[in-house]
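The structure under discussion appears below in the form of structure tokens.
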Amino acid sequence: MTRATRTRAPAKTGVREDPASAYDMTASDEGIEQRTLACIVDNEPGVLARVVGLFSARGYNIESLTVAEIDRNAHQSRITIVTSGTNHVLEQIEQQLLRLVPVAKVIDVSNSSGGIERELALVKVAGKGDARVESLRISEIFRAHVIDTTNESFIFEVTGASQKIDQFVELMRPLGLVEVSRTGVLSIQRGKEKAG
Amino acid sequence: MDTQTPKQVAAEQLTGAEIVMRALADQGVDTIFGYPGGAVLPIYDAIYAQQEVRHILVRHEQGAGHMAEGYARSTGKCGVALATSGPGATNMVTPLADALMDSIPMVVFTGQVPTHLIGSDGFQEADTVGITRSCTKHNYLVRDVNDLARTIHEAFYVATHGRPGPVLVDIPKNVQFAKGRYVGPEAIEHRTYHPRTEPQDKRIEEALALMASAQRPIIYSGGGVINSGPAASEALRALAKATGWPVTSTLMGLGAFPASDKQWLGMLGMHGSFESNNAMHDCDVMLCVGARFDDRVTGRLDAFSPRSKKIHIDIDPSSINKNVRVDIPVVADCGKALKALVKGWVKVAGKPSDIKPWWKQIDEWRARKGFAYPNSKKLIKPQYAIERLYELTKDRDVYVTTEVGQHQMWAAQFFHFDQPNRWMTSGGLGTMGYGLPAAIGVQAAHPKALVIDIAGDASVQMTMQEMSCAVQHELPVKIFILNNEWMGMVRQWQQLLHGERYSHSYSDALPDFVKLAEAYGCHGIRCDDPANLDDAILEMINTPKPVLFDCRVEKAENCFPMIPSGAAHNEMILGKISGDEIGEAGKMLV
């Protein structure tokens with residue numbers, strides 16, 4: 001899943017900068033922020049398509065998305081979505097998600113005090129000599145594990161906040177970075193309560 | 001009706017097709033609109049074997065969908081339509097999208113290829129749940145006959161609870177043949193979907209405090225009041241009476257408040273009344289109930305009612321703060337919230353607001369007579385035709401549907417409604433071809449009533465084939481065509497915004513509607529003289545079978561007043577207008 005924020009269409013020329021019509025309301029680039037939302041949904045066929053379809057139909061961004069069943073007996077899944085938009089758009093996204101019949105709950109992970117976010121990445125680095133040693137040394141700093149090795153490559157497994165993974169990937173780039181696979185963001189709430 | 005209790009039938013084994021019919025009967029469905037085909041033949045076999053549910057055979061699945069919408073809108077019940085797989089299902093997409101936009105409760109059944117053929121590009125296979133996912137409130141593909149009864153009951157629950165909408169149930173043919181257990185509607189409880197209907201006391205108190213301080217208040221009501229049921233319309237009337245406030249309404253909300261009441265300002269929005277739009281612009285407190293600040297209502301957003309505090313009552317939280325920021329959101333069923341406001345007003349104020357200067361201002365706007373038009377003795381003006389239609393039918397049990405375009409706006413302006421559920425129109429999606437089948441659906445629900453589709457010559461041809469359905473089922477709908485030989489609203493925009501370049505908006509080679517009526521076995525009437533219009537309308541009313549009325553009207557008449565897109569409520573254009581009054585920005589926003 002791409003990390004880049006999708007660029008928005010620039011405001012049409014000839015249209016006033018402040019919204020003059022509902023057609024024009026999303027043209028503003030001001031105050032775009034990122035937000036992580038977790039949806040507790042009934043795990044029924046098509047539920048992921050409903051959530052993703054909502055984002056594409058209403059022109060919202062998805063920067064990362066993870067989904068898996070979390071309670072087999074209750075048929076519940078948790079979908080964690082990293083999205084971006086103005087505060088107004090983000091509020092709408094939450095409400096529109098709640099409108100979907102199988103969505104039981106939407107948690108604003110970014111704005112709740114107890115929200116924890118983690119991501120896992122597999123990072124392949126190829127190299128010899130000093131670069132190879134340096135990559136291993138940095139991986140220790142990041143508490144990454146080596147899960148596969150050949151004479152000329154490592155695969156690191158690294159877990160943490162997305163920014164930490166971004167940093168790790170950047171540090172590996174000059175040391176022979178080959179490719180990266182990331183899970184996207186997972187989230188959970190601190191404390192003893194259950195979200196569903 | 002079936003006299004067995006659900007418990008007695010709980011263990012009974014029925015085929016999937018029988019389960020469908022049993023579930024419909026248990027849901028109190030008396031009429032469905034459908035069209036047979038390979039993938040629904042087992043259901044048609046079950047229809048053949050029962051008496052409880054009447055089936056109206058349509059001529060195109062789109063017709064079935066709009067008939068179900070008309071049935072639903074005029075009764076407050078859930079409409080039901082049935083179509084086969086593939087093309088049957090894709091033809092249903094327009095009515096589904098229409099019902100979603102206008103919040104019409106509807107359950108649509110489609111056949112599907114057998115489960116083992118799904119995904120094989122089988123004959124008449126389409127990914128129906130995929131195609132309809134974004135034009136339904138919810139949809140289901142039923143792969144196991146033992147899930148069928150529960151799914152159908154759940155579909156009715158979802159369609160009619162919260163903000164109503166269309167729900168589709170896709171049933172593979174082998175599931176229709178398979179035997180399984182039936183469960184009654186009482187056993188169903190939805191896992192997650194429990195929309196809030198009771199207003200929060202705190203919000204009602206805040207709203208009442210704001211309302212008590214109002215100097216220039218207005219009630220802006222919408223289709224939600226009609227969806228909520230007759231009690232909501234009663235509560236709206238009670239609140240208007242208690243507060244003495246002026247009332248306006250959206251296109252979808254007409255009839256919830258009586259047009260004959262002196263507090264009624266007429267419809268608001270792009271072609272709404274001069275007084276309602278100016279009152280919206282200048283008000284200090286706006287009570288929006290069951291409406292959604294649609295772009296045709298707000299006009300230019302940054303100039304929309306700039307000095308008002310806004311209260312918004314809506315059952316759908318996503319409607320609140322979507323287009324317009326409001327000060328007091330009330331998430332609730334309209335009827336319940338309005339009742340709470342009526343009750344609370346007695347304590348907070350106890351008498352109508354003292355707003356004489358505001359009414360004086362409104363009366364000045366009224367005196368501008370925004371709907372005035374120059375009449376003619378030679379030609380029938382479309383406005384005059386609707387005025388006469390209203391005068392000659394108002395004392396009857398009358399229901400009106402429309403197509404989409406100029407005639408729709410003139411109908412909204414010149415036909416007046418004192419009761420809810422009497423006015424069926426495609427508001428959100430703007431579906432040309434809605435009115436004729438919708439009228440048939442209304443007539444099926446109200447066999448003795450006078451049901452009129454106020455139509456345009458272009459729109460009516462989109463679903464004209466359903467005249468054959470009306471004749472077959474002896475549903476004497478009256479199709480009153482304002483025939484100006486143009487796609488009138490397109491022509492109007494081309495005149496005003498596109499330099500009078502009338503690109504493909506003239507309907508050359510129109511059919512002879514009178515002969516067409518006769519070909520269908522209906523009665524055809526043509527009138528082009530204002531002096532004969534009353535007699536012709538009376539002839540239509542008194543004909544006990546379907547009628548196509550070809551009312552030849554002034555060809556170049558424009559629909560005014562009008563807020564050009566991109567303009568504000570207080571920038572309404574009355575009567576004659578020159579093209580350069582609409583700016584470049586406005587043109588783009590049409």
Mind listing whichever residues of region B:228-282 are under 17 Å from the mean Cα position of the chain (by Cα) and among the hydroxyl-bearing types (Ser, Thr, Tyr)? B:228, B:233, B:249, B:250
Restricting to region B:318-339, name every residue that is farther than 15 Å from residue B:219 by Cβ and among the hydrophobic types (A, V, I, L, M, F, W, C). B:320, B:324, B:331, B:332
Please work out if residue B:393 is surrounded by fewer than 24 Cβ atoms within 10 Å (Cβ to Cβ) and either within 23 Å of residue B:538 (Cβ to Cβ) or touching a residue at least 60 places away in the same chain (Cβ under 8 Å) (or both). yes
Options B:348, B:342, B:400; residue that is under 22 Å from residue B:230 (Cβ atoms) and assigned by TED's automatic domain parsing to the domain that holds residue B:260: B:342
Tell me, please, whether a residue that is within 12 Å of chain A (Cβ to nearest Cβ) and open to solvent by less than 20 Å² (accessible area, probe 1.4 Å) can be found in region B:321-343. yes
Which members of region A:72-125 meet the condition of being among the small types (Gly, Ala, Ser), assigned to a loop (DSSP other than H, G, I, E, B) and more than 10 Å from every other protein chain (Cβ to nearest Cβ)? A:110, A:112, A:113, A:114
Quick one: count up the residues across region B:28-59 that are part of a loop (DSSP other than H, G, I, E, B), in contact with a strand residue (DSSP E or B) (Cβ under 7 Å, 6 or more places away or on another chain) and within 23 Å of residue B:157 (Cβ to Cβ). 3
With B:82, B:96, B:100 as the choices, which residue is open to solvent by 30 Å² or more (accessible area, probe 1.4 Å) and either at pLDDT 95 or above or among the polar types (S, T, N, Q) (or both)? B:100
Within 23 Å of the chain's Cα centre (by Cα) and open to solvent by 50 Å² or more (accessible area, probe 1.4 Å) - does that describe any residue in region A:130-145? yes
Quick test of your reading of the structure: residue B:164 fulfils all but one of (1) closer than 23 Å to residue B:227 by Cβ; (2) within 12 Å of chain A (Cβ to nearest Cβ). Name the failing condition by number. (2)
Can you confirm whether region B:34-57 contains a residue that is touching a Gly at 6+ places or on another chain (Cβ under 9 Å) and more than 20 Å from residue B:176 (Cβ to Cβ)? yes
Close pairs (6 angstrom Cβ cut-off, 6 or more residues apart or separate chains): touching a residue at least 60 places away in the same chain (Cβ under 8 Å) and in a loop (DSSP other than H, G, I, E, B) in region B:95-110, hydrophobic (A, V, I, L, M, F, W, C) and surrounded by fewer than 24 Cβ atoms within 10 Å (Cβ to Cβ) anywhere: B:105/B:78
Hey, residue B:191 free of Cβ contacts under 8 Å to residues at least 12 places away in the same chain and either closer than 30 Å to residue B:239 by Cβ or assigned to a loop (DSSP other than H, G, I, E, B) (or both) or not: yes
Are any of the residues in region B:443-456 of a type in the set (Gly, Ala, Ser), part of a helix (DSSP H, G or I) and closer than 16 Å to residue B:252 by Cα? no
Quick one: residue B:349 ticks every box in (1) more than 16 Å from residue B:413 (Cα to Cα); (2) modelled with pLDDT under 95; (3) of a type in the set (Gly, Ala, Ser); (4) buried (at least 20 other Cβ atoms within 10 Å of the Cβ) except a single one, so which number is it? (4)
Considering only region B:60-90, how many residues are out of contact with any strand residue (DSSP E or B) (no Cβ under 7 Å at 6 or more places or on another chain), assigned to a helix (DSSP H, G or I) and farther than 24 Å from residue B:422 by Cα? 2
Identify all residues within region B:111-153 that are within 12 Å of chain A (Cβ to nearest Cβ), part of a loop (DSSP other than H, G, I, E, B) and either open to solvent by less than 20 Å² (accessible area, probe 1.4 Å) or β-branched (Val, Ile, Thr) (or both); write none if there are none. B:118, B:136, B:142
Residue count for region B:532-561, restricted to those that are in a helix (DSSP H, G or I) and in contact (Cβ under 8 Å) with a residue 60 or more places away in the chain: 6
So the check is Cβ under 6 Å with 6+ separation or different chains; which pairs have a first residue in region B:497-524 that's assigned to a helix (DSSP H, G or I) and a second one that's among the polar types (S, T, N, Q)? B:520/B:468
Filter region A:47-74 down to the residues that are more than 21 Å from residue A:95 (Cβ to Cβ) and not acidic (Asp, Glu) and list them by number. A:64, A:66, A:68, A:70, A:72, A:73, A:74
Quick one: which residue in A:193, A:152 is among the acidic types (Asp, Glu), under 25 Å from residue A:82 (Cα atoms) and more than 22 Å from the chain's Cα centre (by Cα)? A:193
Can you confirm whether residue B:285 is surrounded by 19 or more Cβ atoms within 10 Å (Cβ to Cβ) and either within 26 Å of the chain's Cα centre (by Cα) or within 14 Å of chain A (Cβ to nearest Cβ) (or both)? no
Go through the residues of region B:259-267 one by one and say whether even a single one is away from chain A (no Cβ under 14 Å), under 19 Å from residue B:244 (Cα atoms), in contact with a Pro (Cβ under 7 Å, 6 or more places away or on another chain) and aliphatic (A, V, I, L, M). yes
Answer yes if at least one residue in region B:477-497 is under 23 Å from residue B:30 (Cβ atoms) and touching a helix residue (DSSP H, G or I) at 6+ places or on another chain (Cβ under 6 Å), and no otherwise. yes
From the list A:123, A:158, A:106, which one is under 22 Å from residue A:48 (Cβ atoms) and surrounded by 18 or more Cβ atoms within 10 Å (Cβ to Cβ)? A:106
Which residues, counting only those in region B:568-590, are at pLDDT below 85 and assigned to a loop (DSSP other than H, G, I, E, B)? B:574, B:575, B:576, B:577, B:578, B:582, B:583, B:589, B:590
Condition first: under 21 Å from the mean Cα position of the chain (by Cα) and more than 13 Å from every other protein chain (Cβ to nearest Cβ). Now tell me which residues in region B:293-311 satisfy that. none
Candidates B:488, B:433, B:456, B:441 - the one that is open to solvent by less than 30 Å² (accessible area, probe 1.4 Å) and either charged (D, E, K, R) or over 25 Å from residue B:270 (Cβ atoms) (or both): B:441
Scan region A:56-87 residue by residue and report those that are out of contact with any strand residue (DSSP E or B) (no Cβ under 8 Å at 6 or more places or on another chain) and either crowded, with 16+ Cβ neighbours inside 10 Å or among the basic types (Lys, Arg) (or both). A:58, A:72
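The values are calculated or read from the model by the stated rules, or taken from the named source; none is laboratory data. Everything numeric in this text was worked out from a predicted model, so none of it was measured. When we count neighbours, we look across all protein chains shown, and the Cβ atoms used for this are built from the backbone with ideal geometry, even at glycine. The accessibility values were calculated without ligands, DNA or RNA, using every heavy atom of the protein model including side chains. Shrake-Rupley method; radii C 1.70, N 1.55, O 1.52, S 1.80 Å.
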